[in-house]
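Trainee: Before I ask anything, let me first share the structure, which is written out below as structure tokens.
Just so it is clear, none of the values below were taken in a lab; they were calculated from the coordinates. Keep in mind the model is a prediction, meaning the values are calculated, not measured. As a convention, Cβ positions derive from the backbone with ideal geometry for all residues, glycine included, and neighbour counts pool all protein chains shown.
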Amino acid sequence: MDASGSFGSVLLTLTWALPLASALVLMAIPAANLILVRRFTLAMNGLVLVLVGFLLAVFALHPPTAPDGSGVTALAFAADSPWFPSLHIRYHIGVDAISMTLMFLAAVIVFTGTLASWNIEADQHGPKGSGGKAKEFFILLQLLAAGVFGSFISFDLFTFFVFNELTLIPTYLLIGLFGSGRKSYAAMKLNLMLMGGSALILVGIFGLYFQSGIHSFDILQLSQVRFDAQFQRWAFPALFLGFGILGNMFPFHIWSPDGHASAPTAISMLLAGVHMKLGSYGCLRIAMYLLPEGAREWMDVFLVLAAAGTIWGAFVAAKQKDLKYLNAYASVSHCGLVFLGLAVFTTIGLRGAVLQMLAHGFITAAMFCLIGMIYARTHTRQIPDMGGLMAKMPFLGVGFVLAGFAALGLPGMAGFMAELNIFLGGFASERVLPRMLTAASLASIIVAAVYVLRATNSILNGPARSGNEHLSDATFLEKVPVALLLLCILAIGLYPGPLVSLVDGALQPILNNLNR
Amino acid sequence: MDSAAPAAFAPAGALVLAAYGVLLLPLLSFLINGLWLGRKSARASGWTAAMLMGGTLFLAIVLALGYRAQVLGRPELQGQTALAFDHIWLAFGPGSALAAKFGFLLDPISVMMVLVVACISFLVHVYSIAYMQGDAGAGRFFPTLSFFTFAMLGLVASSNILETFFFWELVGVSSYLLIGFWYQKPSAVAASKKAFIMTRFADAFFLIGALLAGLHANGFDFVVLNSPGAAAALDHNFALGLGSVNLLALGTLLIYTGAWGKSAMFPLHGWLPDAMEGPTPVSSLIHSATMVVAGVYLTARLFPLFSAAGPTLGVVEITGGFTAIFAAVIACTQTDLKRILAFSTLSQLGLMMASLGAGAPADAGAGHVLPSVLAYSASMFHVFTHAFFKCLLFLSAGVVIHAIHSNDIRDAGGLRKVLPFTYGATLIAVLAIAGIPPFSGFFSKDEILLAAFQNGHYGAFAATLITGGLTAFYMTRYFLLAFHGTPGSAHHADAADASHGHAEPHEAWLMVLPILVLAVPSALIGWLAKDFFLANVVPGALAVLHEGEAIGSSAHEGGIAWLPYAASGVAAAGMILGWLLYGGKGRKVGYPEGKTPAWYRLIYNKFYIDDLYVFLARKAVNRGVAAPAQWAERKLINGSFDIAAAVLKRLASLQSRFQNGQVQRYIGVALLGLIILYYVGRTIR
């Protein structure tokens, strides 16, 4: 491992450096040369996917192991060098199983999102069209990707924060420039909420830095510090809430439905599939791992919010007419389950939360991808305005049905496997409140069947509508992302063993901290 | 792993291979036809699927014979369980023995069900080649049907309750896809959604129950859950909500709720009649012979655990008995060929459930009395016989529908000359379901009556007897209206519908052959298999689950002399009444229009239960919960953001006089951040 350590860390750095560099190169390519812009972006993101896939394979074969009973996360492909020595800011990178698998999720979604944006130029025609800006779109996409990858590999709080903030600006511009509907309202709302969350995170991070007594931003070093209980009491909610806003926590989820509805397809995929996961990842990796006593004190509050969000999101999703809003509220419900898994405070629940991050990432990306492709044909996202699409577009129809089944938690798909762990984890709690709220949250799987079947039945089934005649099925370039995402959903859902044992290994240090 | 689990014996290698093959062949058929062949040629797809199902049936027979050879006649093996395989699918963490497994349990009832499912599925596949010919969607029909078979076989062979749930959902989804097979037909689409959501509602409770039971019994495996240790471990007070209740009762009732939905017990029965919107082979395979008995099977599978729980078997008995009579009454008035059969299925499922419920010791609570083996055997025996004659009835109804291009019994009539083979086979099935000796239904129903009577469950006994009479009545009505009398209105009129290629009503040999094959067990299996079944198969299953403990009176010897006469007497009375009302010259389907009395309309409209669902779904849940949530989401939660943003904007615009900047809102936030930072800094200090 040592030999591959330094080489591995270079590869790990490339995961954010390549997208960043490609953004610079894209600036040099003439905007008129759309073909080159697209192909170059796709090639780079394909390369990153291969790179991350390779790292994941190496990781899975030789997972790093922490000493028994230790609260120190063992990292693979780690590197640690000073960045701003005077401020104790370091470039400390590495991955454990949680961040490694989330990296893979991100790489798949960036790659599939690129393919889903293939016709971004054509999609932009309209009265206020921004035609000719496809180049800018891909540049911003690459910047967003760089921020996401950088965040997942950072084990220095400050570096993490910088990468995290790097994602906000491109998101704002991508929605504001390339979005649809009330895009400026949505972009502003999203950014205000997320920046509010960032403010809380920043406060928490500085608190950690100063309170630790070691003047360090390093997550691994901080994990060995026992913070004073009084400090944990206010720092934990600040951090958990800050990340929770990003992670789509009820009732602070309000940025996401409007944001998704206005965002272009690939950005919805990235936002819901990956960006939100940065939030729940931060909740686990930073708030809970570093401040376990605070977590124990506050968990009931977040438990109630998690269960409320799970049920709330499902019921509100059932009322939506716009497919994107529907999926956005389904995401509120599914992210509620992530928080439920974290907040029930059991081993199985935590594992379920991590698995649900992955499962929801793939499933929601597949949904948004398919919604975008259907919209590109029907030019509407309103459920009542569509019908009988299955006959005209069997591939997209079957894909939508499969993604829908995954969303409603059908066994054999990723979502069920994750939810099974969360629910079992909830019932395994010795306390009544987690068990009660877990049982209540199970209502969401019934309502999920309602909103999924309502959508699939209305848009795909029924007699063909007039105006459907010219509709065509997916092209090859559109089939690739759909198939890839569904493949991931099925692979995790059918054969979860290896993934689960990797995640269990990475959770051990966090659990040791939580139980100390 | 768990000391409570009985020692396993190793099944022979051939048995293990056959077990894998039984699951793999239908899966293979799904993959081949679903990914490739179905799009190329519907006919080739049908033949391929049918041949693979033939292979499955062959392997199921190998499995059954091999199992019999290894176990039966060797009492020392009777108390042991055999697992053909049991792979860990998902282990629940280090330091816990809990795991979800993918296993194949070999015991008498699982082997029996594998055999039944494989047999019925093979025949239905063959039948469908002809039935689906010319249908534009035939290419996707066969993969889905094969997928269902795979899931159903997985369900019955499950070694643990999570595996059951896994396949339980998969059969549910294939049922959804097949009910809505004609996806351009709005009624079919609505029916598929209703079926899925209603069963899903029940499944959520099932999942809670399964997880709780597994957690506290420290294992999801059936051998663990059915061990006396598990019942003892579950038998304590447990708080899931505000109060605390006995976990054994709560867990088993929650699990039973799943069975309740899947086997369509009242009031969760509404989806099953609507499910008849699917193609008739689907109704035959899924919604009568196999999937809907999954609930009964699950209850039987956990019978030792259920019987240890105080009130659970009582609930099973009441829901079953009530559903049996309730559905039989409705069946007497319906005019849709398939819906009559669907209500008949509901009623028969009720009998199976009631029989299981009647297995509860009559003096429950007063000391540990072992449950009745006979009640359990009778239920499983009825599952067995019912599969054949009900499948036959549906397949023959399909022939009728093909012939007259209508589902309405008023369009049928006088078909006995046109469809002679179907006529003969249907007659056998009608006699079987009516309980006329020596046809198969008589024997299984007789066992149910005997068990209920011997156990002192006179309620279940009376329900079975009444249902028997009603069944004989409505099946006679069905039979006479379809095959006797004069041709119905639509009959032959549009039979020249050239698009289907049926100039004249006729019997395609691929459709008739399965029907004739099914007529043999419908007629004889009760008489042939009864002694073998009761002496070997089912008590063996209970012994497996009870560690070979000799339980109850396994013998039905002696019996009650007058019982067979009473049962067949009631059946004969029902048939005679049916013949009096619907036989002869007059064709009277129901009451003449306009003059129907209120009670008849009440029954005809299925006691308006469907309207109650609509009220609950549309009014109570949609308008009562979802709509207010949506309003609060937009107005309160998002509204408060908009108000906060407006306030902030106003503040920022005041401040912007000094800044003359464009980014007011950022500044507002930055300011807020600074204020927070300031106070935080103070707090830290």
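Trainee: Please list, or write none, the lysines whose alpha carbon is within less than 24 Å of the alpha carbon of A:K392, excluding same-chain residues fewer than 8 places away.
Mentor: Counting by Cα, and skipping residues close in sequence, A:K392 has these lysines nearby: A:K321, A:K324, A:K479, B:K40, B:K185, B:K193.
Trainee: Follow-up. Put +1 on the Cβ of every Lys and Arg and -1 on every Asp and Glu Cβ in chain A; which of A:A21, A:V48, A:L34 then has its Cα farthest towards the positive end of the dipole?
Mentor: It is A:L34, whose Cα lies furthest towards the positive end.
Trainee: First obtain the Kirkwood hydrodynamic radius of region B:379-477 from its Cα pairs, then insert it into the Stokes-Einstein equation at 37 °C and 0.692 mPa s, and state the resulting D in µm² per second as a whole number.
Mentor: My calculation gives 225 µm²/s for D.
Trainee: Hey, another quick one. Taking only the C-alpha atoms, wrap a convex hull around chain A and report its volume per residue in Å³ as a whole number. Numbers along the way, then the final one.
Mentor: Values: hull volume 66.4 nm³, N = 516.
Value for chain A: 129 Å³ per residue.
Trainee: Applying 1/(1 + (r/R0)^6) with R0 = 22 Å to the Cβ-Cβ distance of A:A43 and A:F7, what FRET efficiency is obtained, to the nearest 0.05?
Mentor: 0.45
Trainee: In nm, give the distance between the simple-model label positions of B:N605 and B:T683, each being 7 Å from the Cα along the Cα-to-Cβ direction.
Mentor: 6.3
Trainee: Can you sort B:L654, A:L42 by how many other beta carbons sit within 10 Å, fewest first?
Mentor: Sorted ascending by nearby Cβ count, the order is B:L654, A:L42.
Trainee: Kindly state, to the nearest 0.05, the FRET efficiency for B:L31 paired with B:H506, given R0 = 30 Å and r defined as their beta-carbon distance.
Mentor: On the way: r = 35 Å, r/R0 = 1.17.
With a Förster radius of 30 Å, E is 0.30.
Trainee: Could I ask something else about it? If the only charges are +1 at each Lys and Arg Cβ and -1 at each Asp and Glu Cβ, what is the size of the charge dipole of chain A around the Cα centre, to the nearest 20 debye?
Mentor: 1080
Trainee: In vacuo Debye scattering of region B:196-337, one point per C-alpha: log10 I(q)/I(0) at q = 0.13, 0.18 Å⁻¹?
Mentor: -0.60, -1.01
Trainee: Just to confirm a number: summing +1 for Lys and Arg and -1 for Asp and Glu over residues other than A:P63 whose beta-carbon lies under 13 angstrom from that of A:P63, what do you get?
Mentor: In short, -2.
Trainee: In peptide B:631-638, how many Cβ atoms from other protein chains are near each Cβ within 10 Å, on average?
Mentor: Mean inter-chain Cβ contacts per residue within 10 Å come to 5.
Trainee: Then there's this: Over all residues in B:673-682, what is the mean tally of Cβ atoms on other chains that come within 10 Å of each residue's Cβ?
Mentor: 3
Trainee: Count the net charge of all other residues whose Cβ sits under 10 Å from the Cβ of B:F220, scoring Lys and Arg as +1 and Asp and Glu as -1.
Mentor: The answer is -1.
Trainee: As a test of the formula, what do you get for chain B when each DSSP H run with n ≥ 4 contributes -39,500 (n - 2.57) and the sum is divided by the residue count, at 222 nm and rounded to the nearest 500 deg cm²/dmol?
Mentor: It comes out at -21500 deg cm²/dmol, rounded to the nearest 500.
Trainee: Just the number: Rg to Rh for region B:385-437, Cα atoms, Kirkwood Rh, two decimals.
Mentor: 0.98
Trainee: If you keep only loop residues by DSSP, which trypsin sites (Lys or Arg not before Pro) in region A:229-324 have at most 15 other Cβ atoms within 10 Å of their Cβ?
Mentor: In loop regions of region A:229-324 (DSSP not H, G, I, E or B), the sparsely surrounded trypsin sites (Lys or Arg not before Pro) are A:K321.
Trainee: With +1 on each Lys and Arg Cβ and -1 on each Asp and Glu Cβ, how big is the dipole of region B:202-358 about its Cα centre, in debye rounded to the nearest 20?
Mentor: In total the dipole reaches around 120 debye.
Trainee: Students often forget the sequence filter, so: which lysines lie under 24 Å Cα-Cα from B:K417 once same-chain residues fewer than 8 apart are removed?
Mentor: Cross-link targets: B:K338, B:K390, B:K585, B:K588.
Trainee: Still on this structure, please answer the following. Please return the longest range in chain B lying between exposed loop sites, taking GluC sites (Glu not before Pro), DSSP loop only, at most 15 other beta-carbon atoms within 10 Å, and leaving the sites out. Working shown, then result.
Mentor: Details: sites that count: B:E549, B:E557, B:E593.
For GluC sites (Glu not before Pro) (loop position, at most 15 other Cβ atoms within 10 Å), the longest site-free span of chain B is B:1-548.
Trainee: Averaged across the residues of A:420-427, what count of C-beta atoms belonging to other chains lies within 10 Å of each residue's C-beta?
Mentor: Counting other chains' Cβ atoms within 10 Å and averaging over A:420-427 gives 5.
Trainee: Let me ask something else about it. Give me the one-decimal Kirkwood hydrodynamic radius in Å for region A:369-516, with the sum taken over alpha-carbon pairs.
Mentor: On the way: mean 1/r = 0.0565 Å⁻¹.
About 17.7 Å for region A:369-516.
Trainee: Then there's this: For each pair in B:K445/B:K606; A:K277/A:K319; A:K183/A:K277; B:K445/B:K530, compute the distance between the two Cα atoms and list the pairs where it is over 19 Å. Provide the component values of the computation, followed by the final result.
Mentor: Working: B:K445/B:K606 25 Å; A:K277/A:K319 25 Å; A:K183/A:K277 23 Å; B:K445/B:K530 11 Å.
Over 19 Å Cα-Cα: B:K445/B:K606; A:K277/A:K319; A:K183/A:K277.
Trainee: Please give the FRET efficiency for A:L494 paired with A:H215, using the beta carbon to beta carbon distance and R0 = 60 Å, rounded to the nearest 0.05.
Mentor: Computed FRET efficiency for A:L494 and A:H215: 0.80.
Trainee: Using the 2.2 N^0.38 Å rule of thumb for compact globular proteins, work out how region A:152-281 stacks up: its C-alpha Rg over that value, please. The partial results should precede the final answer.
Mentor: Numbers: Rg = 15.8 Å, N = 130, 2.2 N^0.38 = 14.0 Å.
Working it through for region A:152-281, the quotient is 1.13.
Trainee: Could you give the dipole magnitude of the protein assembly as shown about its Cα centre, charging the beta-carbon of Lys and Arg +1 and that of Asp and Glu -1, in debye to the nearest 20?
Mentor: The calculated dipole for the protein assembly as shown is roughly 3180 debye.
Trainee: Based on alpha-carbon positions alone, could you give the equivalent ellipsoid semi-axes of the protein assembly as shown from the gyration tensor, as √(5λ), descending, whole Å?
Mentor: Numbers: eigenvalues 646, 233, 139 Å².
Ellipsoid semi-axes (Å, largest first): 57, 34, 26.
Trainee: Exposed loop GluC sites (Glu not before Pro) only (DSSP loop, at most 14 other Cβ atoms within 10 Å): please give the longest stretch of chain A free of them, not including the sites.
Mentor: A:1-429
Trainee: Another one. Can you classify region A:1-104 as rounded, prolate or oblate using the Cα gyration tensor, where a ≥ b ≥ c are the square roots of its eigenvalues, rounded means a/c under 1.5, and otherwise it's prolate if a/b beats b/c and oblate if not?
Mentor: oblate
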